[in-house]
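One structure below.
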Amino acid sequence: MNSLIPLLVAAPLAGAALLLLGGRRLDRFGHWLATAFAALSFAFGLALLASMLGRETAERQVDVNLFSWIPVNGFQADVGFQLDQLSITFVLLITGVGTLIHLYSVGYMAHDERRRRFFAYLNLFLAAMLLLVLADNYLLLYVGWEGVGLASYLLIGFWQHKPSAATAAKKAFLVNRVGDMGLSIAIMLMFAEFGSFAFGPLLGSEGTAGAVGQASEGKLTAIGLMLLLAACGKSAQVPLQSWLGDAMEGPTPVSALIHAATMVTAGVYLITRSASIFNLAPDAQTTVVVVGAVTLIFGAIVGCAKDDIKKALAGSTMSQIGYMILAAGLGPIGYVYAIMHLVTHGFFKAGLFLGAGSVMHGMNDEVNMRHYGGLRKYMPVTFVTFGLGYLAIIGFPGLSGFFSKDKIIEAAFAKGGTEGWILGGVTLLGAAITAFYMTRVMLLTFFGEKRWQPDAEGHEPHPHESPSTMKIPMIVLAFGSVFAGGLFTLNSSFLHWLEPVTGHAEGDSPLSPLTVTLITTLCMVAGVAVSYLMYGRSPVPVVPPVGSALTRAARRDLLQDDFNHAVLVRPGSALAAALVYFDSRGLDGFVNGLAATIGGVSSRLRRIQNGYVRSYALSMFGGTLVLVATTLLMRSV
Amino acid sequence: MNPVNYLYLAGLLFTIGASGVLIRRNAIVLFMCVELMLNASNLALVTFSRLHGNLDGQIIAFFTMVVAAAEVVVGLAIIVSIFRTRHSASVDDSNLMKL
């Protein structure tokens, strides 16, 4: 059974290789091949889950050492996999949602002539992400981490003929590189400090303490902060959030994949996996919480102002990942809920993105929500599935998001003291804003009157329901959005499932769970009500109103690019210009000056060689005279 | 007669020859000046032979004459061939070696 674990990664990897190397003859059925490989990986995951459920809690973790990768004296890197409750949760999310997105893409990308390549990249994405969550050491995790970065670059820039897509891909890659630096530094620190970067000896497993227990707090804080930097890059947290909005340039299934199943969840995984480090470094933990809280509000505000449906959803992702990072930063009281929210978010966010893609599919690729309106009659399936995803994300009682988000808010209050109140307040505010902007998206898209505009070539849009390859994934995900949260919370099943890996502690909340739930629901209702008053009762203008200063800033992603430009790009280019000046004037000036001096001197010396016999004779006479004179002089002395 | 006067004559002839080499352009005249210088040195050598009372200087003078004869043969051949190609005997015209 355990031999299936490497196959989890190998299946999509083989799919990617086959599709990329197979050539044109695979064009007709390559997409189905890729979907089959993804589904195969999912099936392996299910089999492994079944086998894991059959074992005692203490024996659930499985280690497979595949081969020795870099055996050097004093440095041992292995390719090995560790499958435990945390990994299998991610594996099922990645392959399950991933397979649905593959299926959806079959319909969505039907008319793209480079479809085979697209599916190859999708498979590569899954393989890299699976490697990331299955690795049993940080170095192999880093391989998957970089693979995810590469695949996201290829997919975001898939429509590379559009300059904006090419730029967005580069931006995502570069911003991610900053985070990757953090991870590589963290790995180097670990190796320097502990001589190893394997999870087992380093972090310890249940009952046995790892090497991190003996390290000083300062060192652990440094490692923790570097890991956090890495997580910020992949999970689009402040200050490395700027790539996420632009990443919407990729095809919509890619957005769904990045936001739900892969990529942005990597940061949350990294922090949860490194729980042993963070638990011993309170300062790093506090930083994690602050980053999560800031991003939570940041993303929510951006989501409120965007008219582009995908960018509004991107802001929402940022905000929801902020919830997860915040929960992970709370320590043992939050890890389980971070992962639980991650899984439920995977369902409803994938559903929302696929719904948005379906809307765009029917509206001639229009993304501006102010040009939608009244679509519920034309796309009933999309409307219902998107609506269920919407209810889930705002935390409508009984749906997935309600359970998982509620738990995070409870955990935030349970942090205790002033911190607890502040974090609780922030998460509640976030819940209210989430309800506001998601209701706005819903109202602008599906309700009100038609505001459709003809596209650039003058074609009126004819909204229509999407083909069934697109509808089925949306329906399945809608089921997940509705039931996953309840299923996880029933008998605290998810808590008991993950607790052996991440550990869990009950916090000491000043408010009873029921009170928190009531307040959360009230915040949600308030958000929905405000949004309804603003967008539901009066016609929505097609041209966006000027808006307040905050709105204008939020439309520009709260000036994140202006900030990066002013703080990083401009001093960077100034430094580069100064270096170029020093190089061309200083170094080259010295070398060129030397050459010019020697050249000038030699061209003067050259004049002696004038080709006249007489002048050579003169110099001979002169030389002889000098010789004779010197000889005589020496003799007389 | 004081043999030293021959040395003065030799010095005078040598100077005339050297100045001719430096000043004149015509290759034939230049060549004659070179011969003049050689003969001036021959005269000086013979005079030294007389002054010292041995034959060393005279022997060297014979050597010089042999070398001068050989030089004239080669030099005149060069001048003739240059004149054939350039229709000029001026040494300033043959300046292709100039950079």
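The values are calculated or read from the model by the stated rules, or taken from the named source; none is laboratory data. All figures in this text were calculated on a predicted structure; none of them were measured in a lab. Cβ atoms come from the backbone with ideal geometry, glycine included; neighbour counts cover every protein chain shown. Each accessible area value is taken on the protein alone, full model and side chains, heavy atoms only, with ligands, DNA and RNA left out. Shrake-Rupley method; radii C 1.70, N 1.55, O 1.52, S 1.80 Å.
Some points to look at:
- In this assembly, the B-A interface accounts for approximately 1000 Å² of buried accessible surface in total, computed with a 1.4 Å probe and without ligands, DNA or RNA.
- Distance from segment A:353-387 to segment A:401-478 (C-alpha centre basis), Å: 14
- Shape category assigned to segment A:437-583 from the gyration tensor of Cα positions, a/c cut at 1.5: oblate
- Dividing the mean sequence gap of close Cα pairs (under 8 Å, 6+ apart) by how many residues chain A holds gives a relative contact order of 12 percent.
- Remark on segment B:9-31: accessible area falls by at least 40 square angstrom from chain-alone to full-complex state for B:22, probe 1.4 angstrom.
- Surface share of carbon and sulfur [accessible, 1.4 angstrom probe, percent] for segment A:50-117: 52
- Mean residue ellipticity, 222 nm, helices only, the protein assembly as shown: the sum of -39500 (n - 2.57) across DSSP H runs of n ≥ 4, divided by residue count and rounded to 500, is -23500 deg cm²/dmol.
- Dimensions of the protein assembly as shown based on its C-alpha atoms, expressed as ranges along the principal axes with the largest first, amount to 148, 69, 55 Å.
- Packing-based order for A:342-349, A:426-433, using average beta carbon neighbours within 10 Å, highest first: A:342-349, A:426-433
- The charge dipole of the protein assembly as shown, taken about the Cα centre with unit charges on the Cβ atoms of Lys, Arg (+1) and Asp, Glu (-1), comes to about 2440 debye, rounded to the nearest 20.
- From largest to smallest, the equivalent ellipsoid semi-axes obtained for segment A:87-199 from the alpha-carbon gyration tensor read 30, 19, 8 Å.
- Pairwise centroid distance, computed over Cα atoms, of segment A:1-72 with segment B:6-45, Å: 104
- Probing with 1.4 Å while keeping every protein chain in the model, the per residue accessible area of chain B equals 67 Å².
- Share of carbon and sulfur in the accessible area of chain B stands at 72%, probe radius 1.4 Å.
- Of all lysines in the structure, those lying under 25 Å Cα to Cα from residue A:170, and not within fewer than 8 positions of it along the same chain, are A:162, A:234, A:306, A:310, A:311, A:349.
- Normalised contact order of chain B, rounded percent, pairs of Cα under 8 Å and 6 or more residues apart: 28
- Gyration tensor (alpha-carbon) shape descriptor, segment A:1-102, a/c threshold 1.5: oblate
- Ranking B:60, B:88, B:44 by how far each Cα lies toward the positive end of the dipole of segment B:36-99 (charges on Cβ) leaves B:88 at the top.
- 14 Å beta-carbon shell around residue A:598, net charge (K/R +1, D/E -1): +2
- Expected-Rg normalisation [2.2 N^0.38 Å, Cα atoms] applied to segment A:28-85: 1.61
- Ranking by accessible area, most exposed first, for A:170, A:162 with a 1.4 Å probe: A:170, A:162
- Chain A, accessible area per residue, ligands and nucleic acids excluded (1.4 Å, Å²): 41
- Within 10 Å of the Cβ of each residue in B:89-96, the mean number of Cβ atoms contributed by other protein chains is 2.
- Straight-line cross-link partners of residue A:219 among the aspartates and glutamates, defined as a Cα under 20 Å from its Cα and at least 8 positions apart when in the same chain: A:180, A:193, A:283.
- Just the protein heavy atoms count here, and of the accessible area of segment A:432-561 at 1.4 Å, carbon and sulfur take up 68 percent.
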